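**Q** One structure, pasted below without further comment.
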Amino acid sequence: MPEDRESLSREDFAHAVRDSVNSTLSRYDHHPHHGYTPAAFRHYIRQIALLDALGSISFANALDVGCAEGYFMKVIRDRFGAEVWGVDLSTTALAKAHDLHGLPVAAAAATRLPFADGSFDLVYSTEVIEHVLDPDLMIAEMRRVSRGTVLVTTPVSQSADEHEPDFALRAEGHINNFDPASVRRLFGGDAHLGSFRCNATLALIVGFGRHLPAGARDAFYQLDHLVSQRWGAPDRRLKPLRNRDWLITVPGTGSGEGPPRWRCPACRAELIEQSGQGLRCSGCAALYEVKGGVPDFFEAAHIS
C-alpha cells in the first residue's frame, strides 16, 4: 500500500482499516463490556470528560460516529435516556454493539453518513478522526446530520509533524497528528476548544491509580479531570500540565425535525426493505445487505 495521503485509494484504505479492526476484535474487545478493566482505563477517563460536556447539552437523540462496540452509546443512553445510533466500519464491532446492547448500528464511512440532513440533536465521535484520511469531510458530514451540537475528542500534539502517519496500520493507525493550529483550522472559528487528561495525572493513573479499588479509583479519575480542566492546556510550557486530548464542540448545520432513519449514503434517498435481500435505495437502486439486524452501507450491490 502506498504510504502517502495523495496516492492512497480511499476505498482501499477503508477496506484495510475494516479488515484490520475486524481481525483485532475477533480476538479481544476494544471497549470494555463486562465491568472495569485496568487495560481500558483511557475509555473511563474519556467517559468522564464526555459525560461532563454532555451535561450542559439538551438532546433527545444522538449519533456516535466510529462507535466500535457501542460502549459510549450505552453509557449515554443509560445516563441521559437518549435514543443513540451508531456507525462504524467494523462489522465485528457492530455485531457486538447490536447483540450486547440492542443498539441501532450500521456499517458506514464517517465521510458518507447514511442519514438525512439534521437527523440528530447531537453527533459525537471519540478518538476516531485521527484515523480518517479526510478529516475535513468527516466534520462536514457530522455537521450536516446534526441540527444541534457536534462533539469530537482527539489526541493533540505540540506539532503536527511530531509523529509519522501510520498508513500501513502497523500500530495504532493514527494517520492525522493534530496540533492546536491544525485543530483550529479544521473546526473553524465557531468551535469551542476544550481539553482533558494532562501528563502529570495520567502518569499517576498509569502507575497505580487504575489498579486502585473502585471508589478510590473513580475519585482518582475525577481528580485527573479536575486538574486537567482547571490547570491543564495543550500548549502549556510546563510539560506535566500539558493536556493530551482535546474535546471540541461546534454547532451542527443540518435542518431537520423528524426522527432518525437510515438513508442511502450515496444519494440520501429513502430505503425500501426487500424481503430476504436487505435495503434497496429508492433513488439510485443500490442494495445494502442487512446481517443480524445490522445494515452494511459500506458495501453496496448496484442492481437495477
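**Q** Looking only at the stretch 17-46, filter to residues that are among the aliphatic types (A, V, I, L, M) and over 17 Å from residue 87 (Cα atoms); which one of those is surrounded by the fewest Cβ atoms within 10 Å (Cβ to Cβ)?
**A** Here is the first cut: in the stretch 17-46, the residues among the aliphatic types (A, V, I, L, M) are 17, 21, 25, 39-40, 45.
Applying the additional criterion that residues be over 17 Å from residue 87 (Cα atoms) yields 39-40, 45.
Values: 39: 10, 40: 16, 45: 22.
Ranking the candidates gives 39 first.
**Q** In addition: How many of the residues making up the stretch 192-247 are part of a strand (DSSP E or B) and either closer than 15 Å to residue 153 by Cβ or not small (Gly, Ala, Ser) (or both)? Before you say what the answer is, go through the steps one by one.
**A** Looking only at the stretch 192-247, we keep the residues that are part of a strand (DSSP E or B), and these are 192-198, 233, 242-247.
The next check asks that each one be either closer than 15 Å to residue 153 by Cβ or not small (Gly, Ala, Ser) (or both); those that pass are 192-198, 242-247.
Adding up the residues that qualify gives 13.
**Q** Here are some conditions: (1) buried (at least 17 other Cβ atoms within 10 Å of the Cβ); (2) basic (Lys, Arg); (3) in contact with a Lys or Arg (Cβ under 6 Å, 6 or more places away or on another chain). Residue 280 meets all but one. Which one does it not meet?
**A** Exception for residue 280: condition (3).
**Q** Further, regarding this structure: Just to be sure, is residue 73 closer than 24 Å to residue 19 by Cα and in contact with a Cys (Cβ under 6 Å, 6 or more places away or on another chain)? Spell out how you get there, then give the answer.
**A** Values: closer than 24 Å to residue 19 by Cα: yes; in contact with a Cys (Cβ under 6 Å, 6 or more places away or on another chain): yes.
Spelling it out, residue 73 is indeed closer than 24 Å to residue 19 by Cα and in contact with a Cys (Cβ under 6 Å, 6 or more places away or on another chain).
Here's the yes/no breakdown for (1) outside the structural domain of residue 14 (by TED's automatic domain parsing); (2) surrounded by fewer than 22 Cβ atoms within 10 Å (Cβ to Cβ); (3) closer than 22 Å to residue 9 by Cα; (4) among the small types (Gly, Ala, Ser):
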| residue | (1), (2), (3), (4) |
| --- | --- |
| 107 | no, no, yes, yes |
| 111 | no, yes, yes, no |
| 123 | no, no, no, no |
| 135 | no, no, yes, no |
| 150 | no, no, no, no |
| 164 | no, yes, yes, no |
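**Q** Any residue in the stretch 31-49 that is within 26 Å of residue 194 (Cβ to Cβ) sitting within a Cβ distance under 7 Å of a residue that is assigned to a helix (DSSP H, G or I) and among the basic types (Lys, Arg)? List the pairs, counting only those 6 or more apart or interchain.
**A** Short answer, once both residue conditions are applied: 41/210.
**Q** Now for a different question. Mind listing whichever residues of the stretch 20-60 are part of a helix (DSSP H, G or I) and β-branched (Val, Ile, Thr)?
**A** If we filter the stretch 20-60 for residues that are part of a helix (DSSP H, G or I), which is where we start, we get 20-25, 38-54.
Those that are part of a helix (DSSP H, G or I) and β-branched (Val, Ile, Thr): 21, 24, 45, 48.
**Q** Still on this structure: Are any residues in the stretch 254-266 modelled with pLDDT of 95 or more and surrounded by fewer than 18 Cβ atoms within 10 Å (Cβ to Cβ), and if so, which ones?
**A** Selection gives 261 alone.
**Q** Now, a different point. Which one is modelled with the highest pLDDT, of the residues in the stretch 205-225 that are surrounded by 14 or more Cβ atoms within 10 Å (Cβ to Cβ) and aliphatic (A, V, I, L, M)? I'd like the intermediate steps shown before the answer.
**A** Pass one, the stretch 205-225, residues surrounded by 14 or more Cβ atoms within 10 Å (Cβ to Cβ): 205, 209-210, 212, 217-218, 220-221, 223-225.
Next, from what is left, pick out any that are aliphatic (A, V, I, L, M): 205, 212, 223.
Values: 205: 90, 212: 94, 223: 88.
The extreme case among them is 212.
**Q** Hey, another quick one. Look through the stretch 14-71, keep the residues that are within 26 Å of residue 251 (Cα to Cα) and of a type in the set (Val, Ile, Thr), and return whichever of them is modelled with the highest pLDDT.
**A** Filtering first and then ranking leaves 65.
The values are calculated or read from the model by the stated rules, or taken from the named source; none is laboratory data. Owing to the predicted nature of the structure, the values given are computational and were not obtained by experimental measurement. FYI the Cβ positions are ideal-geometry reconstructions off the backbone, even for glycines, and counts take in every protein chain you see.
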